[in-house]
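The numbers here are math on the coordinates, done by the rules we state, and not lab data. Since we're looking at a predicted model, the values are computed, not measured. FYI the Cβ positions are ideal-geometry reconstructions off the backbone, even for glycines, and counts take in every protein chain you see.
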Amino acid sequence: MLTKNNRLNQFTVPNGYILTSGRLITVARPYSNDSAAKPLEQTLANAKTILNTALTMRNLIKEGHELAELKPAGNSPQIELATRIQSSLGDATKGRLSVLTSPIALTVDNSKVTSLSPSKSDMAVWIKSHDTPGSYIVLNGNNDETYVSYIADKLADSKHINFITSGFGGHGTTDRHAIATNKTEGDRFKELLMEKGIAPQRITVDPFSTNSGQNAINVADIINRDIQDGKPLGSVIVSGTPAAVFRQTYTYAQQLKINSETPFQIESFPFCDEAKYTTLADNLAIIREFSTTLNYLFNTAYLPSNAGLYPDAFFSSVLDCLATFADKLTADHPKDADKHGTVVRAIRTIDQQMIERFKSTQLTSEDKMAVRTVDDFFRSLFNPLELTFNRGTV
């Protein structure tokens, strides 16, 4: 069995490795995004990236084992706050997962991204149109086995679609599964696919990614290798825990560097079992994805900056979700609302006028700070909670 420590050792040797078709092959290292960088600068940037990622892997392994041994009681002030206000979180996020899992289809042509308007289709129709040698479905790591098993079950009878499982692992976005202290997400997800009868030859594992940006870099390495071998590319289908798939799809549109001379599509996997995502952790994941996506749009270059690529339904849902949370918190938990008045006031400023300023590239520094303040708050609630999720030798 390939453990996390095995994968860490593979990562830190001169060449990285990915496991495909039962054999290890080298995979290119990520380099600096500065295409004008000189070779020495590029090499140094690459070395720094490798060292930082290896350190992250070591810390994740260490943290996982420590948490498995300590079994945190889950009584931190932030967890107590999240538990106390969970009715406000539930009201704010009710019915909103469907917005984050609505179909997304983007065409990439020589790095230019344009948006299509896909309609929700029947699962059988979707599978029939996507079960081709040029289709890749990427299962991004987040320790959520529910969606992996769901996809494996639905695509068990497919014949041609390619699978890429991507993730090193450590944290989680759901409290339903033990977070493996001994296996990477990529390796664990491959097991789940194979349990449903999907042939290992159709599954490529990236066990080295520790964040969404690295997912995109390493998946691109895998697909580019296939293109060099003469394989076709039609579409890259992004999947992950349902709350995150919206942001991850746009992350791939921005950061997936594919050497294709012909246009290809980046799509979201537009199906999930919403009834499985109703816990406090799930509700926090939904509202945090709203705030994080908005924060990334306002304050980073992680996502495409073209506002026209994003559906209006996303922005309206963000506004409704945040406003409902602020209203419910103020009405039902006035002491907490008063204590976190800075956050409530920041939420009140996030309105349609702010969205219009984003669309016209006229955001103010106050706009950016307000969104960052709100995102920091929801992250501060979720991050301690995920540390209480079960760890184990899955």
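Below, the figures for the structure above:
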item: For the chain: relative contact order, % (alpha-carbon pairs under 8 angstrom, 6 or more apart); result: 23 percent
item: Integer Hz, Karplus 6.51/-1.76/1.60 couplings in order for segment 244-258, x for Gly and Pro; result: 8, 5, 4, 4, 5, 4, 6, 4, 5, 4, 7, 10, 7, 9, 9
item: Gyration tensor (alpha-carbon) shape descriptor, segment 262-302, a/c threshold 1.5; result: oblate
item: Net charge over other residues, Cβ less than 13 angstrom from the Cβ of V238 (K, R count +1; D, E count -1); result: 0
item: Within the chain, percent of DSSP bridges classed antiparallel, to nearest 5; result: 45 percent
item: Gyration tensor verdict on segment 298-338 (Cα atoms; rounded if a/c is under 1.5, prolate if a/b is larger than b/c, oblate otherwise); result: oblate
item: Cα gyration tensor category, rounded, prolate or oblate, for segment 101-276 with a/c compared to 1.5; result: rounded
item: Under 5 Å, built H, 5+ apart or other chain: amide partners of I237; result: Y136, I137, V138, E267
item: Trypsin sites (Lys or Arg not before Pro) within segment 60-161, DSSP loop, no more than 14 other Cβ atoms inside 10 Å; result: K94, K120, K159
item: Two-decimal log10 I(q)/I(0) for the chain, as the Debye equation yields it once each C-alpha is a single scatterer, q = 0.08, 0.09, 0.12, 0.13 Å⁻¹; result: -0.42, -0.53, -0.98, -1.16
item: Expected 222 nm ellipticity per residue - DSSP helices of 4 or more, -39500 (n - 2.57), all of the chain, to 500; result: -16500 deg cm²/dmol
item: Per-residue HN-Hα couplings for segment 329-344 [Karplus 6.51, -1.76, 1.60; θ = phi - 60°; Hz; x = Gly/Pro]; result: 4, 5, 6, 9, 9, x, 5, 5, 5, 5, 5, 10, x, 4, 5, 4
item: Sequence-separation-based contact order of segment 65-199, relative, with Cα cut under 8 Å and 6+ spacing, percent; result: 19 percent
item: Residue-count net charge about D187 - beta-carbon cut-off 11 Å; Lys, Arg +1, Asp, Glu -1; result: +2
item: Placed amide H near T204: partners under 5 Å, 5+ positions off or other chain; result: F163, I164, T165
item: Computed Kirkwood radius, in angstrom, where 1/r is averaged over Cα pairs of segment 121-188; result: 13.1 Å
item: Relative contact order of segment 101-276, defined on C-alpha pairs under 8 angstrom at six or more residues apart (%); result: 32 percent
item: When each of K328/K368; K4/K190; K62/K183; K112/K257 is checked by Cα-Cα distance, pairs over 22 Å; result: K328/K368
item: Counted charge near A92, where neighbours are those whose Cβ lies closer than 11 Å (Asp, Glu -1; Lys, Arg +1); result: 0
item: R391 long-range amide H proximity, modeled H, under 5 Å; result: I179
item: Vicinal HN-Hα couplings computed from phi for segment 128-143 (Karplus, 6.51 cos²θ - 1.76 cosθ + 1.60; Hz; Gly/Pro x); result: 4, 7, 10, 7, 10, x, x, 9, 10, 10, 9, 9, 7, x, 5, 6
